Each structure stands twice: as structure tokens, then as C-alpha cells.
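Written out below as C-alpha cells is the structure these notes cover.
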Amino acid sequence: MVLRDFVDDFLMMPMHDVYLQSAEQHFGRANSHCTGVMFLRPTLTALALIEATIEELVKCMATSACTDQEALNAVLLAQEFNVGRLDPADYPGGAQYFGVEPTYSDPLFYNESARAQCNSPPILVHNNWLVGRANKIVRFRLHGLWSISGEKPERPWRHTTEVSSVFREVW
């Protein structure tokens with residue numbers, strides 16, 4: 001599958017200094033944003049958001065095991081930042097594109113109804129909601145989303161021997 005050009009899409013978006021991806025499993029309003037996919041314009045507003053997030057991360061890590069995503073969301077709740085939201089139909093997270101596997105460890109898990117709400121093809125798929133580099137590579141390859149510059153596009157594959165050979169290759 002060939003994804004659409006995100007640069008063309010980004011240039012056509014309304015002007016925001018920061019665009020964030022939803023961290024939700026659903027396609028509705030996002031109360032939580034992901035730090036894995038962000039578009040930032042080189043502006044003072046974007047810089048202020050990043051600096052405030054770093055301050056919050058340092059502060060919360062002193063008392064608990066928080067993440068950069070939790071820090072960003074805390075800043076967004078506490079301060080007024082005018083951020084744009086990347087449309088999950090075009091920029092789906094793993095839960096929106098593949099569905100959510102309860103243990104976050106099965107790269108073969110796929111819920112077709114999750115993808116039905118995504119545009120075909122999307123612009124960018126964030127391979128989150130799955131733990132492990134090898135798992136992510138397998139999942140991207142299974143869905144025709146693995147492309148490395150210079151590699152020939154691979155045929156779709158699903159056979160378990162092919163999956164296990166990829167696990168050996170990436171470990």
C-alpha cells in the first residue's frame with residue numbers, strides 16, 4: 001500500500017503552530033493526545049508548548065513514573081494552547097487502524113471494523129498500541145506498510161513461517 005503525501009496534506013491544513021495525533025482508541029473527540037506523531041511549526045508557541053511539557057515531565061518524574069505523553073496532556077489541560085488535531089481517519093493510531101489487542105503483544109491481531117473508519121489509503125499510520133520492535137515490523141509488513149528506501153515493495157504475506165522468519169531477522 002502506498003500512503004498519501006503528508007507534506008501536501010500539512011500545507012493544506014488550517015494554520016496551527018502544533019498538530020497532535022489522538023491517543024484515543026475511538027474516532028471521536030480526543031481528550032488525550034499522542035507524543036509519537038506531532039507536527040510543529042518553528043514558532044514561539046510551539047517552543048513554549050515543548051518547554052512547558054519538558055518542565056512538567058521533569059516535575060512529575062521527580063514524584064512518579066510519568067511519560068512525556070502524560071506531561072504533554074497535563075500541560076494542554078492546564079494552559080491555553082491552540083493546537084490542531086490530526087484527523088484519525090487520515091492519521092490513525094494503532095488502535096484506530098489495527099484494533100486493540102488486549103495484551104498489546106500480538107502483531108497478528110487485526111480488527112477489520114477498526115480500519116473501516118480510516119481513509120484508504122491513510123496519510124500516516126502510527127504503529128502504537130503494540131509492544132516490541134519486532135512486533136511492529138511484523139504488523140507493518142502484514143498490512144503492506146513496511147517500506148524502507150531502496151527495498152522493493154514486498155508482496156503481502158500471512159503464512160506463519162514467513163512471520164517467524166521475520167521475528168528471527170529483526171532480533
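The values are calculated or read from the model by the stated rules, or taken from the named source; none is laboratory data. Remember, predicted model here, so these are calculated numbers, not experimental data. FYI the Cβ positions are ideal-geometry reconstructions off the backbone, even for glycines, and counts take in every protein chain you see.
Miscellaneous remarks
- Those helices (runs of 4 or more DSSP H) of region 41-150 in which at least 1 residues are among the β-branched types (Val, Ile, Thr) and within 30 Å of residue 8 (Cα to Cα), considering only elements entirely within it, cover 44-61, 68-78, 133-142.
- Of the numbered criteria (1) assigned by TED's automatic domain parsing to the domain that holds residue 17; (2) surrounded by 13 or more Cβ atoms within 10 Å (Cβ to Cβ), the one residue 51 fails is (2).
- The residues listed here are 65, 30, 23; of these, the one that is outside the structural domain of residue 133 (by TED's automatic domain parsing), at pLDDT below 90 and under 16 Å from the mean Cα position of the chain (by Cα) is 30.
- Test: residue in region 104-111 that is among the acidic types (Asp, Glu) and at pLDDT 90 or above: yes
- Filtering 12, 38, 61 for residues that are free of Cβ contacts under 8 Å to residues at least 12 places away in the same chain, touching a helix residue (DSSP H, G or I) at 6+ places or on another chain (Cβ under 9 Å) and not charged (D, E, K, R) leaves a single hit, 61.
- Checking each residue in region 1-47 for being in contact with a His (Cβ under 7 Å, 6 or more places away or on another chain) and farther than 23 Å from residue 111 by Cβ picks out only 20.
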